[in-house]
Amino acid sequence: MQLQHQNIVIIGAGVSGLALAGALHRHGAHCQVYEAEDQLWSLGGGLIIPPNSVKVLERLGLDSVLKVRGVELQEMRIYDASGRLLYARSQQDVAGQHGHALLGLAREDLHRALAEYLPAGTVQTGHRLTGLENHFHEAVARFHNGRQVRADLLVAADGRNSRVRELLYPETRLVPTGDVAYRGVTSQRPAGDLDSTFSEFWGPGRRFTCFRMAENLTYWHAPVRQSPGAPALSKAELLRAFEDFPPAVLDLIAATDQAEITALPIQDISPLPEWWSRRTVLIGDAAHATSPNLGQGAAQALADAEALATWLVTAPDRLTALESYQQQREGTANAATATARAFGEMGQARGVMRFARNLALSINPELARRRIEAFYGDPVS
């Protein structure tokens with residue numbers, strides 16, 4: 001395709017939207033990104049950056065943020081809620097096999113790096129999508145401020161609660177996992193060996209994950225099984241919910257200001273039969289929203305951005321590009337969603353299932369490793 005003559009509009013300035021804009025910019029294409037929020041840096045928290053994410057960012061020439069701001073983790077560990085070690089994996093071994101170790105990174109740092117790569121004026125904030133016309137010859141986006149934008153191709157990168165997906169496929173619904181994710185950021189570093197590890201604690205109906213994402217900034221993520229519609233837990237209630245976990249877990253929660261704790265129901269999406277229609281295409285969580293249990297959400301979004309940009313450049317026409325993009329990405333992305341849900345259920349198993357899980361991991365740690373590293377990419381030769 002001759003991208004220089006195409007008007008490409010991207011809805012959403014998250015990881016997938018900004019990465020796609022950067023990839024298209026490298027190919028000399030014109031694109032505009034429209035973000036609903038008034039400020040670009042509205043998202044907080046941390047990201048775990050697995051080897052497959054690093055490789056995509058390297059190919060896009062956007063990996064400098066990892067070298068400057070990323071925290072290279074030395075080990076991944078999974079503990080039972082009692083503190084018993086169930087699984088450990090040296091990240092030096094992961095780097096030897098897959099080329100890179102796990103990195104901790106502030107989500108805002110990645111957003112900022114992706115946005116700063118773009119020409120000034122590429123991202124327009126304060127544009128909440130309210131309507132979409134998806135014709136054979138063009139797409140038309142309408143925003144709450146009265147603005148109307150026409151596009152040769154409209155890309156929905158507007159996340160798991162995608163307004164574009166809702167308008168395009170109104171029958172599609174997000175599927176709750178039954179968990180609410182409590183997330184916090186604190187200046188306190190994890191205690192002892194946890195300071196240099198990606199650590200998970202698995203308890204019945206609850207999990208706790210933590211890692212450093214900057215020199216003195218720790219991110220933690222705590223899914224709790226809750227009834228639909230139940231009120232969010234306060235910090236004091238969270239401390240009671242995790243009172244049987246090791247002191248290091250309670251210390252991080254206690255050190256986090258209430259204002260820095262957020263609650264988000266965890267949802268994913270059943271596989272969509274079509275990721276594109278006429279002049280509109282979905283990428284990232286808009287196409288395959290996943291739970292955060294594998295740390296693959298941003299990774300799969302980055303892979304989408306790279307794949308779509310590549311096909312738009314190399315395919316002879318738009319239809320071939322969109323068909324090829326979905327064929328390349330849907331199997332892996334949908335598998336990541338299914339594996340993340342299963343991994344989360346395994347981590348919060350109760351009763352006999354919890355005992356059987358712990359026994360199985362003690363006998364064969366490969367059960368966990370194969371799931372965790374399934375999407376890291378081919379081993380380094």
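The values are calculated or read from the model by the stated rules, or taken from the named source; none is laboratory data. Predicted model, so just to flag it, every value in this text is computed and none were measured. Every residue, glycine as well, gets a Cβ built from its backbone with ideal geometry; the counts of neighbours run over all protein chains shown. Accessible surface areas use protein heavy atoms only, side chains included; no ligands, DNA or RNA. Shrake-Rupley method; radii C 1.70, N 1.55, O 1.52, S 1.80 Å.
Within the group Ala36, Ala120, which residue is of a type in the set (Gly, Ala, Ser) and either closer than 24 Å to Arg371 by Cβ or at pLDDT 95 or above (or both)? I'd like the intermediate steps shown before the answer.
On the way: Ala120 fails: either closer than 24 Å to Arg371 by Cβ or at pLDDT 95 or above (or both).
Only one candidate passes the filter, namely Ala36.
If we scan region 274-290, do we find a residue that is touching a residue at least 12 places away in the same chain (Cβ under 8 Å) and closer than 25 Å to Asn358 by Cβ?
The initial filter retains those residues of region 274-290 that are touching a residue at least 12 places away in the same chain (Cβ under 8 Å), namely 274-290.
Those still in the list that are closer than 25 Å to Asn358 by Cβ too: none.
No, region 274-290 has no match at all.
Can you tell me which residue within region 270-300, out of those that are aliphatic (A, V, I, L, M) and open to solvent by 10 Å² or more (accessible area, probe 1.4 Å), is farthest from Gly347 (Cα to Cα)? Quick ask: steps written out before the conclusion?
Taking region 270-300 and keeping what is aliphatic (A, V, I, L, M), we get 272, 281-283, 286-287, 289, 294, 298-299.
The next check asks that each one be open to solvent by 10 Å² or more (accessible area, probe 1.4 Å); those that pass are 272, 294, 298.
Details: Leu272: 27, Leu294: 11, Ala298: 21 Å.
Ranking the qualifying residues of region 270-300, first place goes to Leu272.
May I ask you to list pairs of residues, at least six apart or on different chains, whose Cβ atoms are under 6 Å apart, with the first in region 108-127 being acidic (Asp, Glu) and the second being surrounded by fewer than 19 Cβ atoms within 10 Å (Cβ to Cβ) and modelled with pLDDT under 95?
Sorted first by the residue in region 108-127, then by its partner, the pairs are Glu108/Trp41.
Among the residues of region 218-237, write down those that are part of a helix (DSSP H, G or I) and in contact with a Ser or Thr (Cβ under 9 Å, 6 or more places away or on another chain). Walk me through how you get there before you give the answer.
Narrowing region 218-237 to residues part of a helix (DSSP H, G or I): 235-237.
Residue satisfying the conditions is Lys235 alone.
Select from region 176-191 the residues that are open to solvent by 20 Å² or more (accessible area, probe 1.4 Å) and closer than 12 Å to Val249 by Cα and write down the one among them that is farthest from the chain's Cα centre (by Cα).
Step by step, filter region 176-191, then rank; the result is Ala191.
Within region 233-248, is there a residue that is under 23 Å from the mean Cα position of the chain (by Cα) and touching a residue at least 40 places away in the same chain (Cβ under 8 Å)?
Of region 233-248, the ones under 23 Å from the mean Cα position of the chain (by Cα) are none.
The answer is no; no qualifying residue exists.
Can you find even one residue in region 110-124 that is out of contact with any strand residue (DSSP E or B) (no Cβ under 8 Å at 6 or more places or on another chain), buried (at least 17 other Cβ atoms within 10 Å of the Cβ) and acidic (Asp, Glu)?
So in region 110-124, the residues out of contact with any strand residue (DSSP E or B) (no Cβ under 8 Å at 6 or more places or on another chain) come out as 111-114, 116-117, 119-121.
Next, only the ones that are buried (at least 17 other Cβ atoms within 10 Å of the Cβ) stay: 111, 113-114, 117.
Applying the additional criterion that residues be acidic (Asp, Glu) yields none.
Taking every residue of region 110-124 in turn, none turns out to be out of contact with any strand residue (DSSP E or B) (no Cβ under 8 Å at 6 or more places or on another chain), buried (at least 17 other Cβ atoms within 10 Å of the Cβ) and acidic (Asp, Glu).
Which ones in region 343-366 are within 23 Å of the chain's Cα centre (by Cα) and of a type outside the set (Phe, Trp, Tyr)? Give the derivation first.
As a first pass, look at region 343-366 and keep what is within 23 Å of the chain's Cα centre (by Cα): 343-348.
Selection gives Gly344, Glu345, Met346, Gly347, Gln348.
Of all residues in region 347-381, how many are assigned to a helix (DSSP H, G or I) and open to solvent by less than 40 Å² (accessible area, probe 1.4 Å)?
Selection size over region 347-381: 7.
Spot the failing condition for Arg160; the list is (1) open to solvent by 30 Å² or more (accessible area, probe 1.4 Å); (2) closer than 26 Å to Val33 by Cα; (3) assigned to a strand (DSSP E or B), and only one is missed.
(3)
Condition check ((1) hydrophobic (A, V, I, L, M, F, W, C); (2) at pLDDT 90 or above; (3) in contact with a helix residue (DSSP H, G or I) (Cβ under 9 Å, 6 or more places away or on another chain)) across all residues:
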{"residue": "Ile261", "(1), (2), (3)": "yes, yes, yes"}
{"residue": "Pro271", "(1), (2), (3)": "no, yes, yes"}
{"residue": "Ala321", "(1), (2), (3)": "yes, yes, yes"}
{"residue": "Thr332", "(1), (2), (3)": "no, yes, yes"}
{"residue": "Ala338", "(1), (2), (3)": "yes, yes, no"}
{"residue": "Ala349", "(1), (2), (3)": "yes, no, yes"}
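Quickly run through region 52-105 and pick out the residues that are in contact with a helix residue (DSSP H, G or I) (Cβ under 7 Å, 6 or more places away or on another chain), acidic (Asp, Glu) and either in contact (Cβ under 8 Å) with a residue 12 or more places away in the chain or outside any loop (DSSP other than H, G, I, E, B) (or both).
Selection gives Glu75, Asp80.
Restricting to region 163-175, and then to whatever is closer than 23 Å to Thr339 by Cβ and of a type in the set (D, E, K, R), can you tell me which residue is most open to solvent (accessible area, probe 1.4 Å)? Full working, then the answer.
Narrowing region 163-175 to residues closer than 23 Å to Thr339 by Cβ: 165, 172-175.
Now restrict to residues that are of a type in the set (D, E, K, R): 165, 173.
Details: Arg165: 16, Arg173: 157 Å².
Top of the filtered list is Arg173.
Listed here are the residues, each with its yes/no results for (1) crowded, with 16+ Cβ neighbours inside 10 Å; (2) under 18 Å from the mean Cα position of the chain (by Cα); (3) of a type in the set (Gly, Ala, Ser).
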position	(1), (2), (3)
Ala23	yes, no, yes
Ala36	yes, no, yes
Leu40	yes, yes, no
Gly45	yes, yes, yes
Pro50	yes, yes, no
Ser53	yes, yes, yes
Asp63	yes, yes, no
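Quick one: count up the residues across region 302-330 that are open to solvent by 10 Å² or more (accessible area, probe 1.4 Å) and under 17 Å from the mean Cα position of the chain (by Cα).
4
Tell me, which residue of region 215-240 that is farther than 12 Å from Gly184 by Cβ and in contact with a strand residue (DSSP E or B) (Cβ under 6 Å, 6 or more places away or on another chain) is most open to solvent (accessible area, probe 1.4 Å)?
This residue is Arg225.
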